[in-house]
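Have a look at the structure below before the remarks.
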Amino acid sequence: MENNYISIGKITNFFGIKGEAKVGYDNINQIKNAKNVILLDDVSKKELKIKSVRFHKNFAIVKFEEINDINELMQYKGQRLFVSKEEALKKLEKDEFLINDLIGCIVFNKNEEKIGEVVNVSSNASQDLLNIKTLIGQIKLVPFVDEFFPLVDIENKKIIINPIEGLLS
């Protein structure tokens, strides 16, 4: 069931007594732009409408229309928030990708020689970093910027890298 959805955060706790949720998130734009979220577990699916989102320290403080106090929220503590993959794709800019779509892509140099595979995507303060597992098993963190990646073909799971000297060594 989760294949049609992507996770945008997790309710870690309550915030105050009015039913606001403290939500951990990976991508600020996904949580900021979400209007509806879905809570999924093995047996049920519940949709919640987001009334407001604000940010406090490293968390999003989310107010849902359907939840008005702390007691109503507590049953959802620990649950992940999802949006439909279709909706998430509609909101992406031309040069933006879903993390799950990047993982598993094969990375080639400009001469079409295989460099490795994207095994994860992490972030630092200024940009996302592709975690590329090289052919000898090393993990290289490469800034995911246009200058290094002239081609990202999600459909064919192929990425071309144009690294500066020393980036992959």
Using helices alone, I'd like the mean residue ellipticity at 222 nm for the chain: each DSSP H run of four-plus residues gives -39500 (n - 2.57), total over residue count, nearest 500.
-2500 deg cm²/dmol
Fewest-first sequence of Lys51, Lys35 by Cβ atoms within 10 Å of each Cβ
Lys35, Lys51
Each label point is 7 Å from the Cα along the Cα-to-Cβ direction; what then is the distance between the points at Ser123 and Asn4, in nm?
2.7 nm
By how many nm would the segment from Val145 to Glu96 grow when fully extended, if each residue of separation counts as 0.36 nm and the alpha-carbon distance is taken off?
16.6 nm
Positive minus negative residues near Ile50 (Lys, Arg vs Asp, Glu; Cβ under 9 Å):
+3
The size of the Cβ-based charge dipole (Lys, Arg +1; Asp, Glu -1) of the range 9-72 about the Cα centre, to the nearest 20 debye, is 340 debye
Search the structure for amide H atoms under 5 Å from the amide H of Tyr5, placed 1.01 Å from N in the peptide plane, and list their residues when 5 or more places away or on another chain.
Lys85
Order the peptides 106-113, 141-148, 58-65 from the highest to the lowest mean number of other Cβ atoms within 10 Å of their residues.
58-65, 141-148, 106-113
What FRET efficiency comes out for the pair Glu155/Ile17, r = Cβ-Cβ distance, R0 = 41 Å, nearest 0.05?
0.30
Between Phe108 and Glu72, what is the spin-label point distance in nm, taking each point 7 Å from the Cα along the Cα→C-beta axis?
5.4 nm
Under 1.5 on a/c is rounded, so check that first for the range 2-90, then, if it is not, pick prolate when a/b is larger than b/c and oblate when it is not; a ≥ b ≥ c are the square roots of the alpha carbon gyration tensor eigenvalues.
oblate
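Throughout, read-outs are computed from the coordinates displayed, never taken from laboratory work. Remember, it's a predicted structure, so these values are computed and weren't measured experimentally. Every residue, glycine among them, receives a Cβ derived from its backbone with ideal geometry; neighbour counts consider all protein chains shown.
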